[in-house]
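What follows draws every value from the coordinates through simple rules; no lab data is involved. A quick note: this is a predicted structure, and the numbers were derived from the prediction, not measured. Don't worry about glycine lacking a Cβ; one is built from the backbone with ideal geometry, like all the others, and counts go over all protein chains shown.
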Amino acid sequence: MATFRGNTLDFFSHSPEQTRRLGARLGQLLQPGDLILISGPLGAGKTLFVQGIAEGLGVREHVRSPTFTLVNEYHSGRIPLYHVDLYRLNGHADLATVGVEEYLERADGVVVVEWPERAPAWFPLAALHVRLEHVDDQKRRVVMEGKGERFVALVRAFKRSAFGAA
Ligand SMILES: Nc1ncnc2c1ncn2[C@@H]1O[C@H](COP(=O)(O)OP(=O)(O)OP(=O)(O)O)[C@@H](O)[C@H]1O
Ligand SMILES: [Mg+2]
């Protein structure tokens, strides 16, 4: 069901609902200061996965992708969720105006980023990388890689939570 090599967990989601549930599993494990970078093409399921994360954090509001502000904050959960979507990032704009550095420095909540590839080399090395790929209409491949001690541990904890101890 899932393969685990090095610090990388590789598995499939067979439906939008499963992607959301997997996100919720992850959300339950998150701690203040965590950084999750979610990449993948349009319609891969990134926002759906973030909606799951929000659910797992206990966020009560409906989560939708931030547009002009590039960041949405949710404070109704166990810890704050900062949802960043860089799809509309203007390459010439000052990235600092997005304020992600401040969120990361404050480290009081979880920072989740869609389209991190729009700002390569801009994020700290330590992060949980999640890549979503289309397989077919309903099926997505999910590749989760932890970089840095905390995020290696997080991938392992997620594996146990989502797929059991084996
Ligand atoms: N297994 C699956 N997991 C996630 N989404 C799926 C799956 N199968 C089908 N879908 C559909 O794919 C779409 C994913 O939309 P979503 O907004 O989450 O993508 P996204 O990666 O955030 O796209 P964007 O880059 O535009 O922000 C939804 O319409 C969802 O119903
Ligand atoms: Mg999206």
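With the chain treated as a Gaussian network of Cα nodes joined by springs under 10 Å, which of GLU145, GLU102, GLU73 yields the largest mean-square fluctuation? Highest fluctuation of the listed residues: GLU102.
Taking 18 Å as the straight-line reach from the Cα of LYS139, the lysines in range (excluding those fewer than 8 positions away in the same chain) are LYS46. Cβ-to-Cβ counts within 10 Å put TRP115, TRP122 in ascending order as TRP122, TRP115, the fewest first. Relative to the dominant Cα principal axis of the chain, helix 46-57 is inclined by about 80°. Identify which of ALA121, ALA153, ALA54 has the largest mean-square fluctuation in a Gaussian network model of the chain, with springs joining Cα atoms closer than 10 Å. Per the Cα network of the chain with a 10 Å cutoff, ALA121 tops the list. Under the criterion of Cα pairs below 8 Å and six or more residues apart, the relative contact order for segment 1-95 equals 22 percent. Compactness check for segment 37-85: Cα Rg over 2.2 N^0.38 Å is 1.09. In terms of packing, defined here as the mean over residues of other Cβ atoms within 10 angstrom, the peptides 30-39, 155-164 line up highest first as 30-39, 155-164. Net charge dipole, the chain: roughly 620 debye, given to the nearest 20, about the Cα centre with Cβ charges of +1 for Lys and Arg and -1 for Asp and Glu.
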